[in-house]
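These notes concern the structure reproduced below.
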Amino acid sequence: MESTEKRQPLNALLDGLDIETFFMCRDEAEGRSLMLALLNQLGFSDVDIVFIEHRGPGARVRGRAYLHRPGASHPFGGQCA
Amino acid sequence: MTKRVLLAPIDPVHDVGLKMINRGLKEAGHETVLLPPDLPPEEIVEAAIRENVDCVLLSRTLGYDVAEHTARFVDIAEAAGLRQKVKLGIGGMAIRPELGAEMGFDGAFGPGTTVAQAIAFVEGRPFHEITGIGAERTRPDITEGFTYSYRHPEIERLLDKLVDQFMEWVADRSSPAVQRAALRKQILETERNGGNATELRQQYGKLCTGAAAAYYTNGSLPDVVRTISDRELDLLDEYCKSADKNGPSKDIRRGAKKPLVFTQYGTGCLVTDIAHVKLLEAWAADGVVHFDPSWGARTEGFLEGVLSHKGDGTIITAENLAKISQSLQKHTLFQVRAHRGLNTPETVMLAGEVGAHLTKININYGSLAGGTDPERLAVDGYHAMRYAAEYGLPFDVVTNEELAGVPAHKAFAGMLVTAHIGRRLGGRPILQPLFCKGAEALIKGLMDDNHVDFNAAKVMALRSIIDAPIWPGAPVGFMTHTEDRVQSAMTTALHAALGAAVGVEAVSIASTDEAYSGGPIVSGSRVDTLRAVMEALRFFGSAQIAPTPKATEMANNIVDGIVKVLTQAVETGFVPGLYQGVFGDPEDGAYPGRAGKGTVTRREQCVR
């Protein structure tokens, strides 16, 4: 394994990165769009909404970016099937 | 060696943590001086010099001005010449390790620090997170101490009759799966002794279909399957060794013997699976359950090699199972499922060969809700149970047909038949009712008031019938999970706590991704539920969760229903009863499977 000093955070991720937050938004659809846009802006392409619940002023939302999908890649040097 | 330790809370009031550490240090034979809260740094330093201590432990709970307070203390300690002479530690809710190191403390401990950890720091020895029985974790036997004697004579009588009939029926029957299991065993033995198994492998290939047949014909693997490289396995080994170096995990039950907590892996990729298994162990799972792909259950025969699969479920091969088995810590229980599909005898045989500790067999579930032809699975299940007995593998009898809509009493009747067959063959079955919100509960309103009564009633019903181990699953809380991870972890934890309260031997839990269908389960979601279960078991301890009187009524109804089903099954016979809907019909959501239909052979064609 790489030493901690040399490691990039994304290289240390086992599978996915979840971001959970609260967006001020009109409805669930807007909340979804905001989370997907945020994940895209951070440079992730394999993204999804794991959970969203809109009430009152906005939405509690959990977005996910997959860095590795089983069978496709993993952080131990595996590549696509 | 005895140390002199000064303990000082640098908070206006909060000093409970330090008092606990103070007590722990004294019990460990050290001399301590505990100062009152909120003294200025100068007085603390003065006291440390006066008392001639070896170590100073500070605590800080409140979050404001933490950096300023701690930096000031270190400055004064240095100016007074204390810093060079004594070991300085700081801990508490407001402390982060990086902050302590930055300020020049020798040790900094954040929220969750244990007394044992603080003592290890004072004594200058490395600390491994060991609590309760965690230090001596052994691999328990779920079936230990159970007599399997019946408490309900009528049910015992009906089961005896049914199983007598079945034993006679199955005695001269075999299947391609039974033959392949025998061949695979010969292949393993031949190669273990340095022999050539080419001919045996050819015979095996002739009994395969689909992807397995192609593999034995031309060596090809399906597009979604690849062989894992040596380089990947080397890196994975390094990861496993690194994970194991951190010592034993916490004890999820804080010393209680049960329930054991199992969780399932099966991402498709063996490498990811093992990576997940190591974190499951680290977060104190007692056992892991191998989850295989659904297409594997509908294909005659197994592939070979260390394989990765792009899709849900990790392929069963001797090599894959061996690799998983080798990656486990010695106390971790390993279960390989053989409850459905066309390869159940070989699955159990391989589980035994690689040193797994448990398997899973249920003729009824696999043939009514798992897609396998009842006659075929009855034959394969029988032989799977023979292997389970041969290898000493206890097996749970899962009743997942409840999820399809089959009422509990019908599912339980089937479970008891499989368990009774298992006992006849010398096996050690474990009853696995579902702790779930299935169709029956919804339709009959059995969980309208609470989720305790019906689940508790299932355990009460089974206990009133037989003295056998009970392991609710799989996973507990099925149909109550949502994509909200807080809710999901909570419902899992509550169901596990209920399991503990009613005294079951084990529970199987899901991750908080249980209800999320958009992608594979991630590692953090696995930790979520283990952490929640640990907290729930901590919260309830040996306190009871009391079902309402309705639970007794529900339990009695289940038992009465089981008697009716078994009475009817004695009339039809076990296997015909599966086709005729005795144990669940299409209206219940049970459909006799078709995979393997027409493949059962009679004595003259039998190999095993």
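Nothing in this text is a laboratory measurement; each read-out follows from the coordinates by a stated rule. Predicted model, so just to flag it, every value in this text is computed and none were measured. A quick note on method: Cβ atoms are made from the backbone with ideal geometry, for glycine too, and the neighbour counts reach across all protein chains shown.
Here are a few things to note about the model shown:
- Helix B:318-327 axis versus longest C-alpha principal axis of chain B: approximately 20°, rounded to the nearest ten.
- Environment charge of B:A80, counting only residues whose C-beta is closer than 13 Å and scoring Lys/Arg +1, Asp/Glu -1: -1
- Binning the C-alpha pair distances of segment B:50-95 at 5 Å intervals from 0 yields a P(r) profile of 5, 20, 29, 22, 15, 8, 0 %, listed from the shortest bin outward.
- The distance between label points at B:K19 and A:I19 comes to 4.5 nm (points 7 Å beyond Cα on the Cα→Cβ vector).
- Neighbourhood charge, 15 Å Cβ-Cβ cut-off, centred on B:Q568 and excluding it, Lys, Arg +1 and Asp, Glu -1: -1
- Size of electric dipole in segment B:4-127: Cβ of Lys, Arg +1 and of Asp, Glu -1, about Cα centre, debye, nearest 20: 400
- Taking θ as phi - 60° and the Karplus parameters 6.51, -1.76 and 1.60, the scalar couplings of segment B:237-243 work out to 4, 4, 4, 5, 4, 4, 5 Hz in sequence order, x denoting glycine and proline.
- Top positive-direction residue, dipole computed over segment B:4-127 with Cβ charges, set B:P111, B:A94, B:A48: B:P111
- In order through segment B:586-602: 3J(HN,Hα) via Karplus (6.51 cos²θ - 1.76 cosθ + 1.60), integer Hz, x for Gly, Pro: x, 5, 7, x, 9, 10, x, x, 10, 4, x, 5, x, 9, 6, 10, 9
- In the protein assembly as shown, Rg over Rh equals 1.03, where Rg is the alpha-carbon radius of gyration and Rh the Kirkwood radius from pairwise Cα distances.
- Computed over neighbours whose Cβ is under 15 Å from that of B:H30, the net charge equals +2, Lys and Arg +1, Asp and Glu -1.
- Efficiency of FRET between B:Q580 and B:T147 - r from beta-carbon atoms, R0 41 angstrom, step 0.05: 0.75
- Against the rule of thumb 2.2 N^0.38 Å, how large the Cα Rg of segment B:359-431 comes out: 1.01
- Shielding by other protein chains, A:11-18, mean Cβ within 10 Å: 5
- Mean shadow area of segment B:237-378, taken as a quarter of the surface of its Cα convex hull (nm²): 8.7
- At full extension, B:K330 and B:T217 could sit 36.8 nm farther apart than now, given 0.36 nm per residue minus the alpha carbon distance.
- Förster radius 25 Å - calculated FRET efficiency between B:N450 and B:E154, Cβ distance, rounded to 0.05: 0.25
- Amide proton proximity set for B:I430, modelled H, under 5 Å, gap of 5+: B:F395, B:D396, B:V397
- Pair B:R192, B:E123: separation of 7 Å Cα→Cβ label points (nm): 4.3
- Point-charge dipole on Cβ atoms (K/R +1, D/E -1) for segment B:250-380, about Cα centre, debye to 20: 720
- Tilt relative to chain B, helix B:485-501 - C-alpha long axis, 0 to 90 degrees, to 10: 80
- C-alpha long axis of helix B:408-424 to longest principal axis of chain B, angle in °: 80
- DSSP bridge pairs, the protein assembly as shown: antiparallel proportion in percent, nearest 5: 35
- Chain B - percent relative contact order, Cα under 8 Å, separation 6 or more: 14
- Per residue, the convex hull volume that the Cα atoms of chain B enclose (Å³): 176
- Computed over the alpha-carbon pairs of segment B:442-498, the distance histogram in 5 Å steps reads 4, 16, 24, 24, 19, 9, 3, 1 percent, short to long.
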